[in-house]
Amino acid sequence: RNIKKITIKEFIKELEKEKIFNLILDYGENVRTKNVITCLHCNSKNFIPLYCNTSQPTLGFLPSSRSFYKKCINCDLILLSKQCRIEDLEKFYDKFERPLTNQKKIISDLVEKRGGTHFEEKLRVQRIFQKFLKKESKIVDVGCGFGEFPCLIKKFNPSWNVTGMDFNLDHVRDILDSYSVNVENKNFVEEKIGGKLDMISAMHVVEHIPFPNLLDFFINIHKSLNVGGYFLLTTPNYNSSIGKSFDYHLAMPPIHQTIFSDSWLTDYLKKKKLFRLIKKESCSVILENFENWFSYYSDNAPNEDIRNMAESWKSIYKNKKLFENLKKNINDTNDGSETILLFQKLRRNL
């Protein structure tokens, strides 16, 4: 109540308090969370805290003195320190979280290949689909958001049966209908996705799922696919050097429940005898949207090392050819901030 009377330093001290820390991790409402005491994968108690070097504008300015994530020394899994209960996950994605935007334009921009969020990544994924899927293929894109990616692949592959699936797609149902994309409102983590599918894609979904429910999600996908069917996922890659350099792997507490690396996910799905990796690529959203990301880093990051690194990148950016070649090399060597993993279903009795 007295916020107008306190100094910036006092305000930052307030943000560091346990009450505010828990408020952020509980998403500011009655979202039930559970403290992570032991690793939810290997049961180790040997953690190291991970700290943000930037002030994370996505969900407000978070103090770098608090650790929101912890890394297991034993298995390298990175967990949000309080995991959301699956029953409350929907609350993270209600009408207050969804930005006011021109949804029709977002979809048409991608379909006409004019641009958009994670633009290059989505085009790479489209090319993978084109290579591995045949005519009349049946596809579900889970966690599809505004549904722009299902519209993209349907536009260029009219014979495909394409479904966009998310908790609630009523806000874009009419637009998706106009592109002949099927719409399903479904809690795809807990409910059966479907059956006899040729491909299931989950683009930037797995990091949002509480880890205790992740295996059930993967089994659900496995059961829904035809023999030899494909599962494609994208997610921020903790192994990416450029991702780590700019805190991208820590960008969204509490939305990102778990932070993965490409190698961790590949090994996990192989050991569970669910999927084998058949293709790996990468993209870098921070380089793709360079001017937006790096103007923030160079002007506002509280860490001098981050600001200096951003300035170095801005010098490279002035030479467009050099910048594009460097970005291509980073992506082609799978060091981009986002990983693209294509898996094929293994035979397994579940």
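Restricting to region 56-105, and then to whatever is over 24 Å from residue 39 (Cα atoms) and open to solvent by less than 50 Å² (accessible area, probe 1.4 Å), can you tell me which residue is modelled with the lowest pLDDT?
For region 56-105, the residue satisfying everything is 56.
Looking at (1) touching an Asp or Glu at 6+ places or on another chain (Cβ under 9 Å); (2) under 24 Å from residue 236 (Cα atoms), which is the one condition that is false for residue 151?
(1)
Among the residues of region 238-268, which ones are in contact with a Lys or Arg (Cβ under 8 Å, 6 or more places away or on another chain) and open to solvent by less than 20 Å² (accessible area, probe 1.4 Å)?
254, 262
Any residue in region 322-347 that is crowded, with 17+ Cβ neighbours inside 10 Å sitting within a Cβ distance under 7 Å of a residue that is small (Gly, Ala, Ser) and assigned to a helix (DSSP H, G or I)? List the pairs, counting only those 6 or more apart or interchain.
335/241; 337/243
Residues 264, 313: which one is within 26 Å of residue 81 (Cα to Cα) and touching a residue at least 12 places away in the same chain (Cβ under 8 Å)?
Among 264, 313, only 264 is within 26 Å of residue 81 (Cα to Cα) and touching a residue at least 12 places away in the same chain (Cβ under 8 Å).
Have a look at 340, 330, 316 and point out the one that is within 22 Å of residue 269 (Cβ to Cβ) and of a type in the set (A, V, I, L, M, F, W, C). Break it down into steps so the answer makes sense when it comes.
Numbers: 330 fails: within 22 Å of residue 269 (Cβ to Cβ); 316 fails: within 22 Å of residue 269 (Cβ to Cβ).
Among 340, 330, 316, only 340 is within 22 Å of residue 269 (Cβ to Cβ) and of a type in the set (A, V, I, L, M, F, W, C).
Which helices (runs of 4 or more DSSP H) does region 282-330 wholly contain that include 3 or more residues that are more than 22 Å from residue 124 (Cβ to Cβ) and not aromatic (Phe, Trp, Tyr)?
Numbers: elements: 285-288, 290-300, 304-317.
Answer list for region 282-330: 290-300, 304-317.
So in region 201-237, with the set limited to residues that are of a type in the set (Val, Ile, Thr) and more than 16 Å from the chain's Cα centre (by Cα), which one is least open to solvent (accessible area, probe 1.4 Å)?
In the first step, residues of region 201-237 are kept if they are of a type in the set (Val, Ile, Thr); the result is 205-206, 209, 219, 221, 227, 234-235.
Among the residues that remain, those that are also more than 16 Å from the chain's Cα centre (by Cα) are: 219, 221, 227.
Numbers: 219: 36, 221: 0, 227: 103 Å².
Looking at residues that are of a type in the set (Val, Ile, Thr) and more than 16 Å from the chain's Cα centre (by Cα), I get 221.
The values are calculated or read from the model by the stated rules, or taken from the named source; none is laboratory data. In this text, all values refer to a predicted model and were calculated from it rather than measured experimentally. When we count neighbours, we look across all protein chains shown, and the Cβ atoms used for this are built from the backbone with ideal geometry, even at glycine. Just so you know, the surface numbers come from the protein's heavy atoms only, side chains and all, with ligands and any DNA or RNA stripped out. Shrake-Rupley method; radii C 1.70, N 1.55, O 1.52, S 1.80 Å.
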